Structures are given as C-alpha cells and as structure tokens.
Amino acid sequence: MEKETKVCVTGAASFLGSWLVKKLLEQGYTVNATLRNLGDPNKVGLLSSLPNAGTKLRLYEADVYNPGSFKQAIEGCEYVVHMATPLLHQPLSSQFKNTSEAAVAGVKSIMELCIRSGTVKRLIYTASVTAASPIKENGKGFKDRMHESCWTPQEITLPYSNELLAEYTRSKTLSEKELLRHNGELEVVSLVCGLVGGKTLLSSMPESMAVLISQPAKNKRRYRTLRFLEELLGRVPILHIEDVCNAHIFCLEKPSIKGRFLCASAYLSSADIASHGRKLYPHIEIPED
Ligand SMILES: NC(=O)c1ccc[n+]([C@@H]2O[C@H](COP(=O)([O-])OP(=O)(O)OC[C@H]3O[C@@H](n4cnc5c(N)ncnc54)[C@H](OP(=O)(O)O)[C@@H]3O)[C@@H](O)[C@H]2O)c1
C-alpha cells in the first residue's frame, strides 16, 4: 500500500472508529476522519494525540442528519469506511422521522459523494449482526445456519426488545440494504460485525463492552440487550476489536473485493458467557438465573 493512500473514516471518535484510525495511522495511511463536533476537546484530543496524527490526520465535522456534510472529508480519498450511525433521534430535525430515515439518507448521500468524487474506489460499511438474523420470515424458529444471505425480517417482536433496540436494528438493516443496492456503481463491502469487545481508547466504557460484561457487572439494562441479541440471532456472535480493525484493513488492501461478510469469532449463549465469567472471575458471583 502506497504511503499516500488516503482513507476517510466516518464516526472516527467511536469505539471502533478510534481504534481503526489508530491502526491506519500506524500503518502509514493518511486519514480524513469525521466527527460531529470539532469543538469537543475530549474527542478531538483523543484523535489528535494518536501516533502520526500531526502529519497524517485531518479532522472534519459531519453529521448523518446533514448528509451532505461528508463531502469535504470524502474528496480526494481512495477508500471510505462508513462507521457513523445515529443512535438517538434528533427530534428537532424536521427532515427525518427517525434514526432509520436519517441513516438511510446518510448512506445514499455518502454513496453519491463517493461516486462523484472520481477518486473513491471502494466504500466499506460497518454493518451489524442485528441486520442478519437467521430467524425465519414467519418469526417461528431459526434457519439451519446464520450466513451472509440472512436478513432480519421487518417488524419482528421479541420479548427482550425495546424501542431503542428495535430502531437500531431497523436502521442498521435498512441502511445496509440501501448500501448493497449500489454494488456495481462502486466496489461496496459490508462487514457485518458481531458484538465487539476488547480494550478501548475512549475515556468511557463502550456500550458493546458494557453489554458483554453485563452479567458480572450485574447491569440489568445491558443484560437485556445481551438477551435481545441471543433471541434475535440464536447465539451472540462476538468479535475482538483487533479483529474488527484487521477485517477493515483487509478489505482496503485486497485488490478487488465486494459484497457482504459476516465477522465474528465465536457464537455464544448468554449462559456460555456467564460460565466463562465465573471461570475468569471466581470471586464475582454471577447469578444462575
Ligand atoms: N460496537 C459494536 O459491538 C458494533 C457491532 C457491530 C457494528 N457496529 C457499528 O460500528 C459503528 C461504530 O460503533 P461503536 O460501538 O464504535 O460506536 P460508539 O462508540 O457507541 O459511538 C457512537 C458513534 O456514533 C456517532 N454518531 C451518533 N450519531 C451520529 C450522527 N447523527 N451523525 C454522525 N455520527 C453519529 C458518534 O459520533 P461522534 O463521536 O461524532 O459523536 C460516535 O462516533 C456503528 O456503525 C455501529 O453500528 C458496532
């Protein structure tokens, strides 16, 4: 990979984004990174202090609720990794009814900007396993396997779901479908990532890590999210942050690649995760129920 290869990473101050930017800078890439607020000293400080950031990193302000705002960050790049995703609806936005509408508009706009740039070869999207449920269309039971052709059926109701989880699932499913519709106009890769754990560069606990350790931490709200994933997917696909970065960089470095790829290194039940926790931390009681 030539040293001058320029990659745009949206949502660069997230758990996954900040690690990926760090790895890209370490490997000599030039990175255009987006975040919502360039006035946020914690996020800007974190990214600006990464090794090689002084010469190889430029920060841009962009928000999915203002889909055109990614233009400058994308211009001149060869690769775009789209990680930014709205998690909470901005009710003052008159343009979109919910986060799904905003996320889909974001994907459409980023796709158009990539095509118009004349420089972008490939768009890589950080998708979620919540969009790839092996639940049968009628909602009764699971298909034999979970694989790249599985899509979460619209409007399924699950006991552990809530408005936020249902909307996140809808938003990740609709935006990934929108993205893959354009395969051919550009090389488009979708990395369908499991629940991610591992070290963080952020000063607070990432949500996915908090869900993974919800049982020893006795956090009921996050435990419900773990159970939601289990009932949606049969088992919880999990993935280490290092593998997330390696998978994204692999997709940048392959001469040609497109399509949808599942990324997970283990598929565990919540009971498996609890018994692993008991072995590692015998002094912490994890209730059987
Ligand atoms: N963590 C996982 O287990 C996991 C698994 C599968 C897929 N993913 C996907 O990976 C990506 C990053 O996830 P994460 O867990 O690392 O996130 P995170 O640490 O929870 O951070 C959330 C990110 O979303 C960005 N964001 C929220 N609303 C936005 C908006 N309106 N416009 C632009 N950006 C917005 C935030 O941007 P600011 O920093 O600028 O506020 C922040 O970077 C997401 O697309 C997520 O769906 C994550």
Worksheet, complete the sentence: Of the residues in segment 211-252 that are among the small types (Gly, Ala, Ser) and open to solvent by 10 Å² or more (accessible area, probe 1.4 Å), the one that is nearest to ILE156 (Cα to Cα) is GLY234
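Table: residues versus (1) within 14 Å of the ligand (Cβ to nearest atom); (2) modelled with pLDDT of 95 or more.
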| site | (1), (2) |
| --- | --- |
| SER109 | yes, yes |
| ARG122 | no, yes |
| PRO134 | no, yes |
| GLY139 | no, no |
| ARG145 | no, no |
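Name the residues in segment 163-180 that are within 25 Å of ARG221 (Cα to Cα) and surrounded by 13 or more Cβ atoms within 10 Å (Cβ to Cβ), would you?
Listed by number, the residues that qualify are LEU164, LEU165, ALA166, GLU167, TYR168, THR169, ARG170, SER171, LYS172, THR173.
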Discussion item. With the structure loaded, tell me whether LYS172 is within 21 Å of GLU230 (Cβ to Cβ) and either within 12 Å of the ligand (Cβ to nearest atom) or touching a residue at least 40 places away in the same chain (Cβ under 8 Å) (or both) or whether it fails that test.
Written reply: yes
Discussion item. When you check VAL188 against the structure, is it touching a Lys or Arg at 6+ places or on another chain (Cβ under 8 Å), farther than 16 Å from ILE273 by Cβ, away from the ligand (no atom under 15 Å from the Cβ) and touching a residue at least 60 places away in the same chain (Cβ under 8 Å), yes or no?
Written reply: yes
Practice prompt. Hey, can you tell me all the residues within segment 12-49 that are more than 9 Å from the ligand (Cβ to nearest atom), of a type in the set (Gly, Ala, Ser) and open to solvent by 20 Å² or more (accessible area, probe 1.4 Å)?
Written response: GLY39, GLY45, SER48, SER49
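Being of a type in the set (Gly, Ala, Ser) and touching a Phe, Trp or Tyr at 6+ places or on another chain (Cβ under 8 Å): is that true of SER208 here? It would help to see each step written out before you state the result.
Details: of a type in the set (Gly, Ala, Ser): yes; touching a Phe, Trp or Tyr at 6+ places or on another chain (Cβ under 8 Å): yes.
Spelling it out, SER208 is indeed of a type in the set (Gly, Ala, Ser) and touching a Phe, Trp or Tyr at 6+ places or on another chain (Cβ under 8 Å).
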Worksheet item: Among all residue pairs at least 6 apart or on different chains, which show Cβ distances below 8 Å where the first residue, located in segment 254-278, is farther than 30 Å from GLU178 by Cβ and the second is part of a helix (DSSP H, G or I) and of a type in the set (Lys, Arg)?
Response: SER270/ARG227
Response to the item:
Going through (1) assigned to a strand (DSSP E or B); (2) on the phi > 0 side of the Ramachandran plot; (3) not aromatic (Phe, Trp, Tyr) one by one, GLU155 fails only at (1)
Practice prompt. Within segment 96-113, work out how many residues are basic (Lys, Arg) and assigned to a helix (DSSP H, G or I).
Written response: 1
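The values are calculated or read from the model by the stated rules, or taken from the named source; none is laboratory data. Note that the structure is a prediction, hence the values are computed from the model and not measured. All Cβ positions, glycine included, derive from the backbone under ideal geometry; neighbour counts span all protein chains shown. Areas reflect the complete protein model, heavy atoms only, side chains present, ligands, DNA and RNA absent. Shrake-Rupley method; radii C 1.70, N 1.55, O 1.52, S 1.80 Å.
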